[in-house]
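Scroll down for the structure; my scribbles are underneath it.
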Amino acid sequence: MNYWDLLRLAAPETILVVTALIVLALGLASDRAATLCSGVAAAGLLFASSAVLMLPPEASLFNGMLVITPLISLFKVICLALAFFTVILSRKLDSPHHGEYLALLLLATVGLMLLVGSEELLVIFIGLELTGLSLYVMAAFDKTSRQSAEAGLKYFLFGSTASAFTLFGISLIYGMTGATSLAAIAPKLGAVTPLLAAGIVMTLIGFAFKVAAAPFHLWAPDTYQGAPASSAAFIASASKVASFFVLGKIILVGFGPAQGSAAWHAMVAGWSPLLAVLSALSILVGNFAALAQTNVRRLLAYSAVAHAGYTLLGLVVGGREGFSATLFYTTTYAFTLVGAFGVVGLVRRETGGDDFSHFAGLRQRSPWLAGCMAVFMLSLAGIPPLAGFFGKFYLFSAALHGAPSYGLLWLVALALLGSLISFYYYLLVLKVIFVDKTASDGPALQVDFLQRASIAVLALILLLLGLFPGGLVWQITSSLP
């Protein structure tokens, strides 16, 4: 293995780093280079996607530090696609530092690709930190907003604490097994000692923060509400996809022998009952807290907590079926959140806020945006024929049949109850958009063509994944080992 081979296999990440430096230079060279910076960033993401497709089907470097498989390549492309839509939605960012913002976005994407493409705990931690540091700054990027500064500070403080938990957990696992490669950890687990159990629990706590699972979700409402809309969209979508992907690899590949069981009639100590408790808490806390919200972004934040609970269902089950259900659901949810935050950002730019009152009468002011927002809300609620319906059906059926004697029926029943509660607040948003009227008819929303087209494409993706989910499901299941 020489440096040329390493550069060839890391071509997508290299392209993004070079693009980030070019965008940063362009942004510093001119205060009016926003359009040019957006074009260069979008082109870099497209070139990186094509580089991913040109990678060999299978490769592994340095004991799993960089791994290439069809599944990893698929999720690298998904992360790049989410970053591409975020670049388009941030075209009208109200800041003179557009180049710096896009450079941070591209570097965060590099971190996500390192997360997805590694099976070595130390490289995974480096990817977490690269992504986290970029996202902290993106959350606080609006210097004119106190809410944005608060969002960045809270995200940074909670994120730093979570990183400390993760690194401490990794150090305990290394101390007990003598390995940091996931493939090497599993055979050395043996009997779970107290120190090893502490390492597993601390690692899971760190990732529970990343996916905003209760009770480690306290950063999410303020961050989602205060950060620029495009930053919140990227945090809620691409970051979640990569985090769930990596969490699934860690527990199924590295911690597989310590799974245990969360079945109500045969509970066995392990990471499975711990994730089941996190799932149940997330579903309850997220849905009940969302009922009391009058701000759309905070509603989406608490909704994200509940959806983290649903997504954890597949990991609780384990195995190919559970992991594939988790990956399908988190992918469809990510595209939904990018579209929803795109609509919220456009409404906020035109009306000055994102409370329910600012969405009143949106049907008259922009029927196109109102229709797309309806698609996103109904998909989150799990209404057929949208992707959210099949995603929940796939998850719940995998959980129901994945444990012997329907042992996870209690968790599936709780998830169904949570889905039923969520109908109320999602339909409440649509009531405000389509039924409520403002005191005076406002002017039609002026929406950039590319932004409007990207939101429409996201809505179309959800419809197609709902009508024809077999393609993505087959891509995921056929790529799993």
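The values are calculated or read from the model by the stated rules, or taken from the named source; none is laboratory data. Computed from a predicted structure; not experimentally measured. All Cβ positions, glycine included, derive from the backbone under ideal geometry; neighbour counts span all protein chains shown.
Observations, loosely collected:
- Failed condition for PHE216, given (1) touching a helix residue (DSSP H, G or I) at 6+ places or on another chain (Cβ under 7 Å); (2) touching a residue at least 24 places away in the same chain (Cβ under 8 Å); (3) surrounded by fewer than 23 Cβ atoms within 10 Å (Cβ to Cβ); (4) aromatic (Phe, Trp, Tyr): (3)
- Looking at segment 1-110, the helices (runs of 4 or more DSSP H) lying wholly inside it that each contain 1 or more residues that are among the charged types (D, E, K, R) sit at 3-9, 11-29, 70-89.
- Test: GLU119 is crowded, with 24+ Cβ neighbours inside 10 Å and at pLDDT below 95: yes
Quick grid of which residues meet (1) modelled with pLDDT of 95 or more; (2) under 20 Å from PHE244 (Cβ atoms); (3) over 18 Å from the mean Cα position of the chain (by Cα):
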position	(1), (2), (3)
LEU80	yes, yes, no
GLY99	no, no, yes
LEU102	no, no, yes
ILE124	no, yes, no
ALA140	no, no, yes
SER163	no, yes, no
LEU172	no, no, yes
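- Residue check for VAL285: surrounded by fewer than 24 Cβ atoms within 10 Å (Cβ to Cβ), over 21 Å from ASP354 (Cα atoms) and touching a strand residue (DSSP E or B) at 6+ places or on another chain (Cβ under 9 Å): no
- Taken over segment 400-459, the criterion of being of a type in the set (Gly, Ala, Ser), modelled with pLDDT of 85 or more and more than 29 Å from TRP264 (Cβ to Cβ) is satisfied by ALA453, SER454, ALA456, ALA459.
- For THR144: the one exception among (1) in contact with a Phe, Trp or Tyr (Cβ under 6 Å, 6 or more places away or on another chain); (2) part of a loop (DSSP other than H, G, I, E, B); (3) of a type in the set (Ser, Thr, Tyr): (1)
- Scanning segment 164-202 for residues that are in contact (Cβ under 8 Å) with a residue 60 or more places away in the chain and of a type in the set (S, T, N, Q) yields a count of 2.
- Which numbered condition THR131 fails, given (1) more than 19 Å from the chain's Cα centre (by Cα); (2) surrounded by 24 or more Cβ atoms within 10 Å (Cβ to Cβ); (3) among the polar types (S, T, N, Q): (1)
- Segment 407-426: number of residues that are farther than 11 Å from ASN287 by Cα, of a type in the set (Gly, Ala, Ser) and either assigned to a helix (DSSP H, G or I) or free of Cβ contacts under 8 Å to residues at least 12 places away in the same chain (or both): 1
Residue-wise test of (1) of a type outside the set (S, T, N, Q); (2) touching a strand residue (DSSP E or B) at 6+ places or on another chain (Cβ under 9 Å).
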{"position": "LEU378", "(1), (2)": "yes, no"}
{"position": "LEU386", "(1), (2)": "yes, no"}
{"position": "PHE393", "(1), (2)": "yes, no"}
{"position": "LEU400", "(1), (2)": "yes, no"}
{"position": "PRO404", "(1), (2)": "yes, yes"}
{"position": "TRP410", "(1), (2)": "yes, no"}
{"position": "LEU414", "(1), (2)": "yes, no"}
{"position": "SER419", "(1), (2)": "no, no"}
{"position": "PHE423", "(1), (2)": "yes, no"}
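- Among the residues making up segment 155-169, a single one is buried (at least 20 other Cβ atoms within 10 Å of the Cβ) and of a type in the set (Val, Ile, Thr): THR166.
- Residues (outside any helix (DSSP H, G or I), at pLDDT 90 or above and in contact with a Gly (Cβ under 7 Å, 6 or more places away or on another chain)) located in segment 255-303: none
- Count of segment 338-364 residues, restricted to those that are surrounded by fewer than 21 Cβ atoms within 10 Å (Cβ to Cβ) and either at pLDDT 95 or above or assigned to a helix (DSSP H, G or I) (or both), is 9.
Yes or no, residue by residue, for (1) of a type outside the set (A, V, I, L, M); (2) in contact with a Ser or Thr (Cβ under 6 Å, 6 or more places away or on another chain):
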| position | (1), (2) |
| --- | --- |
| GLN147 | yes, no |
| ALA151 | no, yes |
| GLY159 | yes, no |
| VAL192 | no, no |
| SER239 | yes, no |
